[in-house]
Amino acid sequence: MDHVVLEGQIAVTAALQGHVRDVLRVLVRDGRNKGKLRYFLRLVREAGLMAEFVSSDEIDELATGHSHGGILAIATPRRFAQLSDLLPTDHAAAIIMLDGVEDPYNLGQAIRAFYAAGIDGLVLRPRVWFSAETTIVRASAGASELLPIAEAESAEEAAEFFKQQGLQIACTAMQDSVSLYEADLRQGLFLLIGGAKRGVTRSFLRSADLVLEIPYARHFPHSLGTTASAAMFASEIMRQRL
């Protein structure tokens, strides 16, 4: 399989704007009101394509879900950025790595929060996300097409690179940590958030400049899910920098 199917106008629009993959075809269910699709159809033309109006049966045969609204795109797998591409030139970097996230829906939701909060880039371990790209793009409301994403073989590799660029290295844990509301997150930052199963290794915890926790308002011995944690960390980084 050498292509992915992106589903829904939001996802396809983001793919056309993000330029992280090549959009090969855009399919629209015959009978859709062209007047309401005027802006979308213009984007398609500006990408050098012509929308193909096809039957509902052809749409349903390609789609995996039912929330596509009659719009699909056939595209190539995404091209990942280099770690250096994530560094902004006009402000202190805020870069997050998610390590150990297995569920594509959770990944998409986290990316959605990162993009909305102004995070500069995301780092992931290499993995064949190919079969899950439709879910990731849809769950992120297209943000996965717009947020720069790079790969690193390990969290240590990424941390070493960004440390050399002058960024503070931070990670999350529930022990020997400081509240994210008390830490200064305005300087250049590389933050590692571990998945629910893998967490953050002890060696990384020992080498980090800053270990952060999300404080709770009542006793609760369990960590938050990755999506909730990602949104809270990204929101606090945004709040401090605004």
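The values are calculated or read from the model by the stated rules, or taken from the named source; none is laboratory data. If you're wondering where the values come from, they're calculated on a predicted model, not measured in any experiment. Glycine also receives a Cβ, built like all others from the backbone with ideal geometry; neighbour counts cover every protein chain displayed.
Would you confirm whether or not segment 115-122 contains a residue that is at positive phi and part of a loop (DSSP other than H, G, I, E, B)? For segment 115-122, residues at positive phi and part of a loop (DSSP other than H, G, I, E, B): present.
Hey, any hits in segment 12-24 for a residue that's in contact with a helix residue (DSSP H, G or I) (Cβ under 9 Å, 6 or more places away or on another chain) and of a type in the set (Lys, Arg)? The answer is yes, given that some residue of segment 12-24 is in contact with a helix residue (DSSP H, G or I) (Cβ under 9 Å, 6 or more places away or on another chain) and of a type in the set (Lys, Arg). The residues on offer are Ser203, Ser179, Ser235, and the sole one that is surrounded by fewer than 16 Cβ atoms within 10 Å (Cβ to Cβ), modelled with pLDDT under 80 and in the same structural domain as Asp90 (by TED's automatic domain parsing) is Ser203.
Residue count for segment 141-168 under the criterion of being buried (at least 22 other Cβ atoms within 10 Å of the Cβ) and more than 15 Å from the chain's Cα centre (by Cα): the result is 4.
So, in segment 123-154, exactly how many residues are hydrophobic (A, V, I, L, M, F, W, C) and out of contact with any helix residue (DSSP H, G or I) (no Cβ under 6 Å at 6 or more places or on another chain)? Outline the logic, then answer.
Of segment 123-154, the ones hydrophobic (A, V, I, L, M, F, W, C) are 123-124, 128-130, 132, 136-137, 139, 141, 143, 146-147, 149-150, 152.
Filter once more, so that each one left must be out of contact with any helix residue (DSSP H, G or I) (no Cβ under 6 Å at 6 or more places or on another chain): 124, 128-130, 149.
Matching residues across segment 123-154 total 5.
Residue count for segment 82-105, restricted to those that are in contact with a Gly (Cβ under 7 Å, 6 or more places away or on another chain), under 17 Å from Phe190 (Cα atoms) and surrounded by fewer than 18 Cβ atoms within 10 Å (Cβ to Cβ): 2. Whether a residue is assigned to a loop (DSSP other than H, G, I, E, B), hydrophobic (A, V, I, L, M, F, W, C), surrounded by fewer than 22 Cβ atoms within 10 Å (Cβ to Cβ) and in the same structural domain as Asp209 (by TED's automatic domain parsing) was assessed, and Ala132 does not pass this test.
Output yes when any residue across segment 92-108 is charged (D, E, K, R), part of a loop (DSSP other than H, G, I, E, B), farther than 13 Å from Ile149 by Cβ and out of contact with any strand residue (DSSP E or B) (no Cβ under 6 Å at 6 or more places or on another chain), and no when none is. Before you say what the answer is, go through the steps one by one.
To start, the set of residues in segment 92-108 that are charged (D, E, K, R) comprises 99, 102-103.
Right, trim to part of a loop (DSSP other than H, G, I, E, B) and you get 102-103.
Next, from what is left, pick out any that are farther than 13 Å from Ile149 by Cβ: 102-103.
If we keep only those that are out of contact with any strand residue (DSSP E or B) (no Cβ under 6 Å at 6 or more places or on another chain) as well, we get 102-103.
Scanning segment 92-108 turns up at least one residue that is charged (D, E, K, R), part of a loop (DSSP other than H, G, I, E, B), farther than 13 Å from Ile149 by Cβ and out of contact with any strand residue (DSSP E or B) (no Cβ under 6 Å at 6 or more places or on another chain).
Pick out, from segment 145-242, the helices (runs of 4 or more DSSP H) lying fully within it that include 3 or more residues that are closer than 27 Å to Thr89 by Cα.
Working: elements: 155-164, 202-207, 226-241.
Once the helices (runs of 4 or more DSSP H) in segment 145-242 are filtered for at least 3 residues that are closer than 27 Å to Thr89 by Cα, what remains is 155-164, 226-241.
If you take the residues of segment 42-82 that are in a strand (DSSP E or B) and among the aliphatic types (A, V, I, L, M), which of them is farthest from the chain's Cα centre (by Cα)? Filtering segment 42-82 for residues that are in a strand (DSSP E or B) and among the aliphatic types (A, V, I, L, M), the one farthest from the chain's Cα centre (by Cα) comes out as Val54. When each of Arg218, Arg138, Arg125 is tested for being surrounded by fewer than 20 Cβ atoms within 10 Å (Cβ to Cβ), farther than 22 Å from Arg241 by Cβ, under 19 Å from the mean Cα position of the chain (by Cα) and among the basic types (Lys, Arg), the lone residue that passes is Arg125. Does segment 57-72 contain at least one residue that is in contact (Cβ under 8 Å) with a residue 60 or more places away in the chain, among the aliphatic types (A, V, I, L, M) and buried (at least 18 other Cβ atoms within 10 Å of the Cβ)? The answer is yes; a qualifying residue exists.
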